[in-house]
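The values are calculated or read from the model by the stated rules, or taken from the named source; none is laboratory data. Values in this document were obtained by computation on a predicted structure and should not be read as measured data. In this analysis, Cβ positions are derived from the backbone assuming ideal geometry, glycine residues included, and neighbour counts consider all displayed protein chains.
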Amino acid sequence: MTQRFKRVFFTLLTVAGLLVTGVCIYAWLAVFGNNITKTDKEQHELFIRTGSGFEQVKQTLTDSNIINNPTTFEWVARRMNYPNKIYPGRYIIKPGMSNRSLVALLRSGKQTPYNLAINNIRTKEQLVTLVCSKLEADSTELKRMLNDTAYLTQYNLTPDKVIGIFIANTYQFNWNTGAEAFFKRMKKEYDDFWTNERIQKAEKQGITPFEVITLASIVDEETAQPDEMNKIAGVYYNRLRQKMPLQADPTIKFAVGDFALRRILTEHLAINSPYNTYKNIGLPPGPIRIPSMAALNAVLNPEEHSYVYFCAREDFSGYHNFAATYEEHLINARKYRDELDRRNIK
């Protein structure tokens, strides 16, 4: 072997070694190196829709600026057989994750549940908007279900009453929960809420669990002060037992379709609606909102007293003046009306 040949041989060997080393380093970095884009946030959220294929997932990762290098992601994903094991859902992608750890997470289907807080909801439309802005559930489908008499009949519900099965609370849902799965979960939560103890408390007051929901929805609209809800519930029970109209202004607002009304006028009281509790004795046909847990507890544990009237305090504190006689009530009501006039509230 000539000296020149040796030099060429060792040069080629060195180049080959460097190439192999480079390939190994590239492969190692592709598999184990960080491929997650830096962000001001602590993490990325990745949403994979139901029915998505691999190309859609890769496009979402790229368009959302979650990964730096889609080519290395695809190279690792195909070798880990991810294109055949795609699961929809919400995945939390943390900084520093490698392609291997990212693919392993997505291929496992272990998505991060979403905490859905259902509270301060007045209408079915608001509920649909909230749910479908947080979950994959289709808004058109959910709205149809909540208004479909035939569908609701199997649950002994009607479109007027269905909002009553939604108990205000925070629930964990997988993001890819559909409309029907959401509804069935909420019906189960409603059934679980009505323990024997709560049912017995309702029976003690002479009303059904669903009537508790309806009355609680009114109490919730009457006051923003949880510490007087029990007293207001007591007023309504006294009226129900004496066969007096509830005369609940929130039901008038519901019938009119304007919860922003500051002053109930004679024209509002004349509205022909089963929710007009000035005209109709007893509870309205269904809830006027999703009641808070505080209101539900107040209706299940009302304060016992002799009050049958209450009126907003003239100091606009959010509290009320209570009265056992109509004469006392007129005095309280006049104070409030005078203050409305003084403040030019129409």
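Listed values, structure above:
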quantity: Test: residue in region 37-44 that is modelled with pLDDT under 90 and in contact with a His (Cβ under 8 Å, 6 or more places away or on another chain); calculated: yes
quantity: Residues being under 28 Å from the mean Cα position of the chain (by Cα) and over 17 Å from Asn238 (Cβ atoms) - total across region 259-308; calculated: 19
quantity: Lone qualifier among Gly51, Gly22, Gly17, Gly96 - being at pLDDT 90 or above and either outside the structural domain of Leu135 (by TED's automatic domain parsing) or part of a helix (DSSP H, G or I) (or both); calculated: Gly51
quantity: Every pair of residues 6+ apart whose Cβ atoms lie under 6 Å, when the first sits in region 131-147 and is over 23 Å from Thr112 (Cβ atoms) while the second is surrounded by fewer than 17 Cβ atoms within 10 Å (Cβ to Cβ); calculated: Met145/Tyr151; Asn147/Pro159
quantity: From the options Phe9, Phe32, residue that is modelled with pLDDT under 95 and either surrounded by 13 or more Cβ atoms within 10 Å (Cβ to Cβ) or in the same structural domain as Asn176 (by TED's automatic domain parsing) (or both); calculated: Phe32
quantity: Subset of region 118-141 (residues that are under 19 Å from Ser292 (Cβ atoms) and not in a helix (DSSP H, G or I)); calculated: Ile118, Asn119, Asn120, Ile121, Arg122, Thr123
quantity: Single residue of region 99-113 satisfying the filter (among the polar types (S, T, N, Q) and out of contact with any strand residue (DSSP E or B) (no Cβ under 6 Å at 6 or more places or on another chain)) that is nearest to Thr50 (Cα to Cα); calculated: Ser108
quantity: Any chance Glu267 is outside any loop (DSSP other than H, G, I, E, B) and in contact with a helix residue (DSSP H, G or I) (Cβ under 6 Å, 6 or more places away or on another chain); calculated: no
quantity: In region 68-96, residue farthest from the chain's Cα centre (by Cα) [restricted to those that are among the polar types (S, T, N, Q) and surrounded by fewer than 13 Cβ atoms within 10 Å (Cβ to Cβ)]; calculated: Thr71
